[in-house]
Amino acid sequence: MATIRPAPPADPIKGRGIAVRIAHRYERDERETVDDGWESPAAEDDGERPPPVTQVSEEHVKTLLSANDSPDIPFSLSINPYRGCEHGCSYCYARPTHSYLNLSPGLDFETRLVAKVNAAERLRAELGRPGYRPSAINIGSVTDAYQPVERRLRLTRAVLEVLTACEHPFSIVTKSAGVERDLDLIAPAARRGQAMVFISVTTLDAGLSRRLEPRAASPQRRLQAVQRLAEAGVPVGVNVAPIIPFVNEPEIERLVEAAARAGAKSIHYTVLRLPWEVAPLFRQWLEQHVPERAARVMARVQEMRGGKDYDADFATRMKGDGPWADLIRQRVRKAEARQGLVRERVVLDTSRFRPPPGDPAQQTLF
């Protein structure tokens with residue numbers, strides 16, 4: 001396993017969260033960009049490199065449902081129709097998953113996507129297995145199911161069509177207003193007590209949002225989505241996540257107030273997580289965008305992680321530990337109380353589930 005080195009210096013790329021293809025932790029070879037004096041005339045003329053184009057490759061998966069037994073995650077099954085995410089969030093804890101594809105958790109994560117094109121087909125097979133017992137399925141737990149490519153491929157839509165036809169409960173996590181497109185499926189499921197949606201709102205500052213999460217919906221557009229979901233009768237929560245000391249942390253109270261005003265029924269939060277390659281990538285982001293605060297930010301992050309960039313302990317990985325973590329928790333809870341928000345876990349109804357129609361002999365995994 002290669003040592004995870006600091007991200008090499010690079011100028012920001014407009015519309016991208018990370019500008020470098022940092023080596024992943026399984027790479028045996030390390031590559032370094034060197035100016036050999038043979039730069040193309042076109043590059044010399046404009047002084048800018050062309051922006052990287054998003055590439056999407058197709059994958060036919062054998063299974064779609066991912067099982068989870070982590071004690072700090074409130075669901076046991078999840079679906080992620082895409083690998084990688086074009087939103088380009090610089091802090092994304094899922095970036096290291098691209099290492100398993102022999103791709104960089106840096107720029108590759110947001111420009112080289114994988115679409116599970118047979119998602120609906122495999123879901124039907126898995127829900128139709130003899131002995132399957134329904135449990136609420138979370139959609140988008142790793143990468144956003146409503147990232148821009150979904151407009152064209154509609155894989156998330158196809159998954160929801162299967163789930164709603166079977167009256168199977170589900171939840172959705174997204175930072176995209178694209179979820180509104182599927183209200184015709186989500187709202188009826190919500191009326192049956194089988195659907196809820198969580199919208200992540202990291203900041204109310206549009207400029208900061210463009211730098212932190214460049215291809216995600218603007219903060220106001222996300223709050224508008226919260227309002228439209230709530231008006232349609234969908235239980236909707238807002239994830240104030242991740243909370244980053246001295247970056248969006250000063251906004252905690254205003255974020256909770258804006259979420260409540262838009263119609264959110266609950267607030268959830270996590271503090272910044274920097275596993276594996278995310279740590280050097282986010283350090284580079286800090287140096288590029290808030291250099292005057294970079295050292296203070298990392299000092300507070302480490303204070304909440306036992307002196308390290310990250311601690312994967314289930315008891316603390318989501319919320320951190322120590323005085324700063326306690327202060328954040330108190331601020332969130334007091335802000336909730338001021339807005340009249342109740343901390344109550346919604347239990348989705350599994351009793352109405354019926355397996356998809358078809359020959360059970362054909363509902364196999366392989």
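Output the residues belonging to segment 310-337 that are among the charged types (D, E, K, R) and closer than 18 Å to N248 by Cα.
Within segment 310-337, K319, D326, R329, R331, R333, K334, E336 meet the criteria.
Could you please find all residues in segment 313-333 being out of contact with any Phe, Trp or Tyr (no Cβ under 7 Å at 6 or more places or on another chain), touching a residue at least 60 places away in the same chain (Cβ under 8 Å) and either β-branched (V, I, T) or part of a helix (DSSP H, G or I) (or both)?
Hits for segment 313-333 are W324, I328, R331.
List pairs: first residue in segment 54-65 and farther than 26 Å from I13 by Cα, second residue open to solvent by 60 Å² or more (accessible area, probe 1.4 Å) and outside any loop (DSSP other than H, G, I, E, B) anywhere in the structure, Cβ distance under 8 angstrom, at least six positions apart or on different chains.
Close Cβ pairs (under 8 Å, with a partner that is open to solvent by 60 Å² or more (accessible area, probe 1.4 Å) and outside any loop (DSSP other than H, G, I, E, B)) amount to E59/R83.
Yes or no: D184 of a type in the set (D, E, K, R), open to solvent by 30 Å² or more (accessible area, probe 1.4 Å) and under 20 Å from V256 (Cα atoms)?
Considered against the rule, which asks whether it is of a type in the set (D, E, K, R), open to solvent by 30 Å² or more (accessible area, probe 1.4 Å) and under 20 Å from V256 (Cα atoms), D184 comes out as no.
For segment 217-268, what are the residues that are among the β-branched types (V, I, T), assigned to a helix (DSSP H, G or I) and either open to solvent by 40 Å² or more (accessible area, probe 1.4 Å) or farther than 26 Å from A189 by Cβ (or both)?
I252, V256 - these are the residues of segment 217-268 that are among the β-branched types (V, I, T), assigned to a helix (DSSP H, G or I) and either open to solvent by 40 Å² or more (accessible area, probe 1.4 Å) or farther than 26 Å from A189 by Cβ (or both).
Can we say L274 is more than 22 Å from R254 (Cα to Cα), open to solvent by less than 20 Å² (accessible area, probe 1.4 Å) and under 25 Å from the mean Cα position of the chain (by Cα)?
Against the criterion (more than 22 Å from R254 (Cα to Cα), open to solvent by less than 20 Å² (accessible area, probe 1.4 Å) and under 25 Å from the mean Cα position of the chain (by Cα)), L274 qualifies.
Quick check on my filter: what residues within segment 86-102 are more than 16 Å from L286 (Cβ to Cβ), part of a loop (DSSP other than H, G, I, E, B) and open to solvent by 10 Å² or more (accessible area, probe 1.4 Å)?
Hits for segment 86-102 are E86, Y93, N102.
Are any residues in segment 74-85 surrounded by fewer than 21 Cβ atoms within 10 Å (Cβ to Cβ) and of a type outside the set (S, T, Y), and if so, which ones?
P74, F75, L77
Being under 18 Å from A67 (Cβ atoms), among the basic types (K, R) and part of a helix (DSSP H, G or I) is true for just one of R122, R151. Which residue is that?
Of the residues listed, the single one that is under 18 Å from A67 (Cβ atoms), among the basic types (K, R) and part of a helix (DSSP H, G or I) is R122.
Among the listed residues T316, T350, which satisfies the condition of being within 25 Å of the chain's Cα centre (by Cα) and of a type in the set (S, T, Y)?
T316
Quick check: anything in segment 108-116 touching a strand residue (DSSP E or B) at 6+ places or on another chain (Cβ under 8 Å) and more than 30 Å from I4 (Cα to Cα)?
no
Go through (1) hydrophobic (A, V, I, L, M, F, W, C); (2) surrounded by fewer than 16 Cβ atoms within 10 Å (Cβ to Cβ); (3) more than 22 Å from L212 (Cα to Cα) and name the single condition A299 misses.
Tallying (1) hydrophobic (A, V, I, L, M, F, W, C); (2) surrounded by fewer than 16 Cβ atoms within 10 Å (Cβ to Cβ); (3) more than 22 Å from L212 (Cα to Cα), A299 fails exactly one: (3).
Just name the residue that is nearest to I73 (Cα to Cα) out of those in segment 309-366 that are modelled with pLDDT of 95 or more and hydroxyl-bearing (S, T, Y).
By that ranking, first place goes to T316.
Only one of (1) open to solvent by 30 Å² or more (accessible area, probe 1.4 Å); (2) at pLDDT below 95 fails for G306. Which number is that?
(2)
Is there a residue in segment 331-351 that is within 17 Å of P242 (Cα to Cα), open to solvent by 10 Å² or more (accessible area, probe 1.4 Å) and not hydroxyl-bearing (S, T, Y)?
Looking through segment 331-351, at least one residue is within 17 Å of P242 (Cα to Cα), open to solvent by 10 Å² or more (accessible area, probe 1.4 Å) and not hydroxyl-bearing (S, T, Y).
Taking the residues in segment 128-158 that are in contact (Cβ under 8 Å) with a residue 60 or more places away in the chain and of a type in the set (G, A, S) as candidates, determine which candidate is surrounded by the fewest Cβ atoms within 10 Å (Cβ to Cβ).
If we take residues in segment 128-158 being in contact (Cβ under 8 Å) with a residue 60 or more places away in the chain and of a type in the set (G, A, S), then S135 is surrounded by the fewest Cβ atoms within 10 Å (Cβ to Cβ).
The values are calculated or read from the model by the stated rules, or taken from the named source; none is laboratory data. Note that this is a predicted model, so its numbers are computed, not measured. Glycine also receives a Cβ, built like all others from the backbone with ideal geometry; neighbour counts cover every protein chain displayed. When the accessible area is computed, the model is the full protein with side chains, heavy atoms only, and any ligands, DNA or RNA have been set aside. Shrake-Rupley method; radii C 1.70, N 1.55, O 1.52, S 1.80 Å.
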